[in-house]
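To start, the structure itself, in structure tokens.
The values are calculated or read from the model by the stated rules, or taken from the named source; none is laboratory data. The structure displayed is predicted, hence computed values, not measured ones. All Cβ positions, even for glycine, are placed from backbone atoms using ideal geometry, and neighbour counts span all protein chains on display.
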Amino acid sequence: MRNEKTLDWNRIAVGDEVAPMKIDVTATVVVAGAIATRDFMPVHHDRDYAASQGSPNIFMNIMTDNGLCSRFLTDWAGPESMVRRIAIRLGVPAYAGSKLEYTGRVTRTSREGDEGFVEVEFRATNDSGDHVSGTATVSLPIRGAAS
């Protein structure tokens, strides 16, 4: 669920959970992500080729993963947030036909002037385990006095 209003940095605390996000990894999602990121490797759009490489189906590419991880963070933090740093590690593949669930929690907050920073640890899992895990720093404008 997309947050229509940017979170108040003053109300974020270490340990807060990031609102979960679920994605149905359809063949359309896999292929559209590959096309959008100009990744024309056949394992992302050609089932027969993927099978010839030992894969049971086409699978999501890492650039789509980066985009979805960023979406997960900004959907939670709101429209004025910005992902300043993101580091991900791939795990098990996300094949067409699977489902991903993104979860995360706040691990640190800090500020510089009128900008607040929220560090988040997150992961996306499917039936086979962790598909992607990572850390990110999200910036938020600071309004008013700290509580």
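Residues that are part of a loop (DSSP other than H, G, I, E, B) and touching a strand residue (DSSP E or B) at 6+ places or on another chain (Cβ under 9 Å): does the range 95-110 have at least one? Yes - at least one qualifying residue is present in the range 95-110. Scanning the range 91-101 for residues that are surrounded by 15 or more Cβ atoms within 10 Å (Cβ to Cβ) and either touching a Pro at 6+ places or on another chain (Cβ under 9 Å) or within 12 Å of residue 125 (Cα to Cα) (or both) returns 91, 92, 93, 94, 95, 98, 100. Considering the range 1-51 alone, what residues qualify as being surrounded by 15 or more Cβ atoms within 10 Å (Cβ to Cβ), outside any helix (DSSP H, G or I) and polar (S, T, N, Q)? Of everything in the range 1-51, those that are surrounded by 15 or more Cβ atoms within 10 Å (Cβ to Cβ), outside any helix (DSSP H, G or I) and polar (S, T, N, Q) turn out to be 6, 37.
Identify the single condition in (1) touching a Cys at 6+ places or on another chain (Cβ under 7 Å); (2) in a loop (DSSP other than H, G, I, E, B) that residue 55 does not satisfy, given that it satisfies every other one. With (1) touching a Cys at 6+ places or on another chain (Cβ under 7 Å); (2) in a loop (DSSP other than H, G, I, E, B) applied to residue 55, the lone miss is (1). Sub-8 Å Cβ pairs linking a first residue in the range 1-28 that is within 15 Å of residue 69 (Cα to Cα) to a second residue that is modelled with pLDDT under 95 and β-branched (Val, Ile, Thr), at least 6 apart or interchain, number zero.
So is residue 125 closer than 26 Å to residue 32 by Cα, free of Cβ contacts under 8 Å to residues at least 60 places away in the same chain, among the β-branched types (Val, Ile, Thr) and assigned to a strand (DSSP E or B) or not? It is true that residue 125 is closer than 26 Å to residue 32 by Cα, free of Cβ contacts under 8 Å to residues at least 60 places away in the same chain, among the β-branched types (Val, Ile, Thr) and assigned to a strand (DSSP E or B). Within the range 61-69, is even one residue of a type in the set (A, V, I, L, M, F, W, C), in contact (Cβ under 8 Å) with a residue 40 or more places away in the chain and assigned to a helix (DSSP H, G or I)? Looking through the range 61-69, at least one residue is of a type in the set (A, V, I, L, M, F, W, C), in contact (Cβ under 8 Å) with a residue 40 or more places away in the chain and assigned to a helix (DSSP H, G or I).
Each row is one residue, and each column tells you yes or no for (1) more than 13 Å from residue 12 (Cα to Cα); (2) within 16 Å of the chain's Cα centre (by Cα).
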| position | (1), (2) |
| --- | --- |
| 86 | yes, yes |
| 97 | yes, no |
| 117 | no, no |
| 126 | yes, yes |
| 130 | yes, yes |
| 140 | no, no |
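Of all residues in the range 109-147, those satisfying the criterion of being aliphatic (A, V, I, L, M) and under 20 Å from residue 69 (Cβ atoms) are 118, 120, 124, 132, 136, 138, 140.
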